[in-house]
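Report on the structure given below.
The values are calculated or read from the model by the stated rules, or taken from the named source; none is laboratory data. Quantities reported herein were computed from a predicted structural model and do not represent experimental measurements. Note that we place each Cβ from the backbone using ideal geometry, even for glycine, and neighbour counts take in every protein chain shown. When the accessible area is computed, the model is the full protein with side chains, heavy atoms only, and any ligands, DNA or RNA have been set aside. Shrake-Rupley method; radii C 1.70, N 1.55, O 1.52, S 1.80 Å.
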Amino acid sequence: MNRKKILMALTNHEALGDTGKTTGFYLSEASHPHKVFTQAGYAVEFVSPQGGKPPIDGYELDDPLNKAFIENPQVAAQLSNTLTPADIQPEDYAAIFYAGGHGTMWDFPENEALANIAAAIYEQGGLVGAVCHGPAGLVNIKLTSGDYLVAGKTVNSFTNEEEKAAGLDQVVPFLLESKLVERGAAFKKSPNFECHVESCDRVVTGQNPASATAVAETMVEQMG
């Protein structure tokens with residue numbers, strides 16, 4: 001296993017339900033962790049369910065980390081043509097990190113190939129991290145035992161209250177907090193939009209955009 005590579009999963013899904021609005025991966029939930037990972041000496045590679053160029057939400061360039069990320073030529077080249085699950089050898093990675101953004105709610109859960117990659121990374125001793133809506137990628141990951149990855153673990157994600165506050169609880173295909181609990185996870189949370197990270201048996205999850213840096217820092221700490 002290559003201890004110095006991290007796989008970052010991004011959504012390809014652009015339509016925000018039938019609202020007529022667009023979504024995608026949430027920029028700061030990729031840019032902030034990317035900074036933490038690369039500063040710690042890890043190479044980051046991007047994967048998406050379909051490959052190609054993923055749509056971006058939260059495109060705020062007054063955030064200096066967002067600006068540096070978007071203007072980084074290496075990152076731009078990677079984002080213009082992300083890897084597909086078929087391109088990935090799980091043994092090459094120390095961890096997989098699922099960036100959030102509402103798009104993930106549509107294309108992460110049912111992507112079996114991506115789930116199998118995460119299960120393989122986890123079962124070889126690697127970490128699985130996710131922030132905000134990124135844990136949508138965790139809800140259907142099954143281990144070789146047949147158990148759900150999150151069963152019996154304490155996790156966190158964008159909460160039901162936050163989804164209601166965002167006015168999207170009737171738009172998303174399911175409520176993420178409820179689905180994780182349904183899968184057997186213990187769910188711990190903080191008040192709306194506060195930083196909150198849970199780490200349990202090599203699964204590291206964060207509640208919202210404010211938690212993205214802390215998730216990555218926790219992952220780096222655990223990877224030693």
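On inspection, E60 qualifies as over 23 Å from D92 (Cα atoms), of a type in the set (D, E) and either more than 19 Å from the chain's Cα centre (by Cα) or at pLDDT 95 or above (or both).
Filtering S28, S48, S80 for residues that are within 23 Å of T159 (Cβ to Cβ) and hydroxyl-bearing (S, T, Y) leaves a single hit, S28. Scanning the range 145-157 for residues that are among the hydrophobic types (A, V, I, L, M, F, W, C) and open to solvent by 10 Å² or more (accessible area, probe 1.4 Å) yields a single hit, A151.
So which residues in the range 71-86 are more than 16 Å from G137 (Cβ to Cβ) and buried (at least 20 other Cβ atoms within 10 Å of the Cβ)?
Once the filter is applied, which keeps residues that are more than 16 Å from G137 (Cβ to Cβ) and buried (at least 20 other Cβ atoms within 10 Å of the Cβ), the range 71-86 yields only L79.
Kindly indicate the residue of the range 119-144 that is in contact (Cβ under 8 Å) with a residue 60 or more places away in the chain and over 8 Å from the mean Cα position of the chain (by Cα) and also surrounded by the fewest Cβ atoms within 10 Å (Cβ to Cβ) among those meeting that condition. Among those residues, the one meeting the criterion is G125. You will find that of K5, K21, the residue that is modelled with pLDDT of 95 or more, surrounded by fewer than 21 Cβ atoms within 10 Å (Cβ to Cβ) and in contact with a strand residue (DSSP E or B) (Cβ under 7 Å, 6 or more places away or on another chain) is K5 and no other. Looking only at residues in the range 192-218 that are touching a helix residue (DSSP H, G or I) at 6+ places or on another chain (Cβ under 8 Å) and assigned to a helix (DSSP H, G or I), the one that is nearest to T159 (Cα to Cα) is P209. Summed over the range 201-211, the residues that are open to solvent by 30 Å² or more (accessible area, probe 1.4 Å) and either closer than 14 Å to Q222 by Cβ or in contact (Cβ under 8 Å) with a residue 24 or more places away in the chain (or both) give a count of 3.
Criterion applied to E182, E161, E198, E217 was being open to solvent by 60 Å² or more (accessible area, probe 1.4 Å), charged (D, E, K, R) and over 25 Å from L16 (Cα atoms), and the one residue passing it is E217. Considering the range 146-180, and only residues there that are free of Cβ contacts under 8 Å to residues at least 24 places away in the same chain and assigned to a helix (DSSP H, G or I), the residue that is farthest from the chain's Cα centre (by Cα) turns out to be K164.
Just one of (1) aromatic (F, W, Y); (2) farther than 17 Å from A9 by Cβ; (3) surrounded by 15 or more Cβ atoms within 10 Å (Cβ to Cβ) fails for F174. It is (3).
When the residues of the range 45-70 are filtered to those that are over 15 Å from M8 (Cα atoms) and in contact with a strand residue (DSSP E or B) (Cβ under 7 Å, 6 or more places away or on another chain), the one that is most open to solvent (accessible area, probe 1.4 Å) is D57.
The single condition among (1) surrounded by 14 or more Cβ atoms within 10 Å (Cβ to Cβ); (2) under 23 Å from V197 (Cβ atoms) that G41 does not meet is (1).
E29 meets each of the listed conditions (1) buried (at least 22 other Cβ atoms within 10 Å of the Cβ); (2) part of a loop (DSSP other than H, G, I, E, B) apart from (2).
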